[in-house]
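Visitor: If you scroll down you'll find the structure; I have some questions about it.
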Amino acid sequence: AVRYHGLGNFEQALKHYLAVLDREEFNVEARNNLGLLYHERGLVAESVDQFRQAILINPSYLKARGNLAVVLMNAGRLPEARAELRAALDMAPRNVDLLVNMALVDKADRRPDQARETLNRALGYEPKVSIHLPTHNEPPQMVMETLNALAKLAYKNFEVIVLDNNTKDEGDWRPVEA
């Protein structure tokens, strides 16, 4: 179903999603994807129904909540979109996608100050990133230059882990250790 959906073959994707749901009525991914398929075809009521069914099955399924909010926003149903996004953000207050969608709802609802504030919140979150630097018998100067360049990143919330694969020559790893 997903393959046909990705290829834009609506009829085959629909057929396969419905077959999955015949076998697994409570499959939230299939319901979410079917909701997306309906939305892409402009079938708002059907799309909303599939997202709502997915949420009934799993109330914490953020993909369906976010997708439902986008469909509702695009349909001009801003209070409903806002309510869905609030419910989702109660579960995941730092979810950048949800925050950006909330800012879009605020903008569409002519609340520019609220939209700006929400967007700034979204931009302020920097998830922790772990950068792994694998080495094996590398020239120490090259490893140190790489580490120095990483230290100058503008991104603040990161760590660098140097993973050396049994470099035997102490002259290659000792200068980097310092």
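The values are calculated or read from the model by the stated rules, or taken from the named source; none is laboratory data. Source: prediction; values computed, not measured. Because the Cβ atoms are built from the backbone with ideal geometry, glycine has one as well, and the counts that use them run over all protein chains shown. Each accessible area value is taken on the protein alone, full model and side chains, heavy atoms only, with ligands, DNA and RNA left out. Shrake-Rupley method; radii C 1.70, N 1.55, O 1.52, S 1.80 Å.
Visitor: Can you tell me how the stretch 62-130 classifies by the Cα gyration tensor, rounded, prolate or oblate, using a/c under 1.5 as the rounded cut?
Guide: Because a/c hits 1.5 or more and a/b fails to exceed b/c, the stretch 62-130 counts as oblate.
Visitor: Can I ask one more? If you fit an axis through the alpha-carbon atoms of helix 10-23 and take the longest principal axis of the Cα set of the chain, what angle between them do you get, 0 to 90°, nearest 10?
Guide: 90 degrees
Visitor: Considering only Leu56, Gly6, Asn148, whose Cα is most displaced toward the positive end of the charge dipole of the chain, charges sitting on Cβ of Lys, Arg (+1) and Asp, Glu (-1)?
Guide: Leu56
Visitor: According to a simple spin-label model (label point 7 Å from Cα along Cα-to-Cβ), what is the distance in nm between Asp49 and Tyr125?
Guide: Taking the simple label geometry, Tyr125 and Asp49 are separated by 3.3 nm.
Visitor: Give the aspartates and glutamates reachable from Lys107 as a straight Cα distance under 17 Å; neighbours fewer than 8 places away on the same chain don't count.
Guide: Straight-line reach from Lys107, under 17 Å: Glu80, Glu84, Asp97, Glu117.
Visitor: Now a separate question. In the chain, carbon and sulfur make up what percent of the accessible area (probe 1.4 Å)?
Guide: Carbon plus sulfur share of accessible area: 54 percent.
Visitor: Now a separate question. Work through the residues other than Asp97 whose Cβ is under 11 Å from its Cβ and net out their charges, Lys, Arg +1 and Asp, Glu -1.
Guide: Charge balance near Asp97 sits at +3.
Visitor: For helix 44-57, report the angle its Cα long axis makes with the longest principal axis of the Cα atoms of the chain; keep it between 0 and 90° and round to the nearest 10°.
Guide: Rounded to the nearest ten degrees, it is 60.
Visitor: May I pose another question? Between Phe158 and residues 5 or more places away or on another chain, which pairs have amide H atoms under 5 Å apart, with H built 1.01 Å from N, and which residues are they?
Guide: Amide H neighbours of Phe158: Val129.
Visitor: Separate question: Tell me, which longest segment in the chain has none of the chymotrypsin sites (Phe, Trp or Tyr not before Pro) that fall in DSSP loops with at most 12 further Cβ atoms within 10 Å? Mind showing how you got there, number by number?
Guide: Working: sites that count: Phe26, Tyr125, Tyr155.
Excluding the exposed sites themselves, the longest stretch runs over 27-124.
Visitor: In addition: Quick check: net charge around Met144, other residues with Cβ under 14 Å of its Cβ, Lys/Arg +1 and Asp/Glu -1?
Guide: The answer is -3.
Visitor: Could you state the number of Å between the C-alpha centres of the stretch 18-44 and the stretch 47-117?
Guide: Measuring centre to centre over Cα atoms gives 19 Å.
Visitor: Assign unit charges at the C-beta atoms only (+1 for Lys and Arg, -1 for Asp and Glu), then state the dipole size of the chain relative to its Cα centre in Debye, rounded to the nearest 20. Working shown, then result.
Guide: Numbers: 22 positive and 25 negative charges, 157 e Å.
In debye, rounded to 20, the chain gives about 760.
Visitor: I want to check the label-to-label distance for Ala149 and Val2. Put each point 7 Å from Cα in the C-beta direction and report it in nm to one decimal.
Guide: 3.4 nm
Visitor: Another question, if that's okay. Work out from phi, with θ = phi - 60° and the Karplus expression 6.51 cos²θ - 1.76 cosθ + 1.60, the ³J(HN,Hα) of each residue of the stretch 109-126, listed in order in whole Hz, and give x for Gly and Pro.
Guide: So the Karplus estimates, Gly and Pro as x, are 8, 6, 10, x, 5, 5, 4, 5, 4, 5, 5, 5, 4, 4, 6, x, 8, 10 Hz.
Visitor: What accessible area, in Å² to the nearest ten, does a 1.4 Å probe give for Lys107?
Guide: My reading of the accessible area for Lys107 is about 140 Å².
Visitor: Counting other Cβ atoms within 10 Å of each Cβ, which GluC sites (Glu not before Pro) in the stretch 14-106 have at most 11 and sit in a DSSP loop?
Guide: Glu25
Visitor: With a probe of 1.4 Å, find how much accessible area the chain has per residue, and write the answer as a whole number in Å².
Guide: Details: 11030 Å² over 178 residues.
Dividing the accessible area of the chain by its residue count gives 62 Å².
Visitor: Once you keep just the Cα pairs under 8 angstrom separated by 6 or more residues, what percentage relative contact order results for the chain? Each step should come with its number before you reach the end.
Guide: Numbers: 205 pairs, mean separation 20.7, N = 178.
Computed value for the chain: 12 percent relative contact order.
Visitor: Tell me which residues come under 5 Å, amide H to amide H, from Asp164 once H is placed; ignore anything under 5 positions away on its chain.
Guide: Thr135
Visitor: Here's another thing I want to ask about it. Determine the dipole magnitude for the stretch 74-178: charges of +1 sit on the beta-carbon of Lys and Arg, -1 on that of Asp and Glu, nothing else is charged, the reference point is the Cα centre, and the result goes in debye to the nearest 20.
Guide: Numbers: 14 positive and 17 negative charges, 152 e Å.
Here the stretch 74-178 has a charge dipole of around 740 debye.
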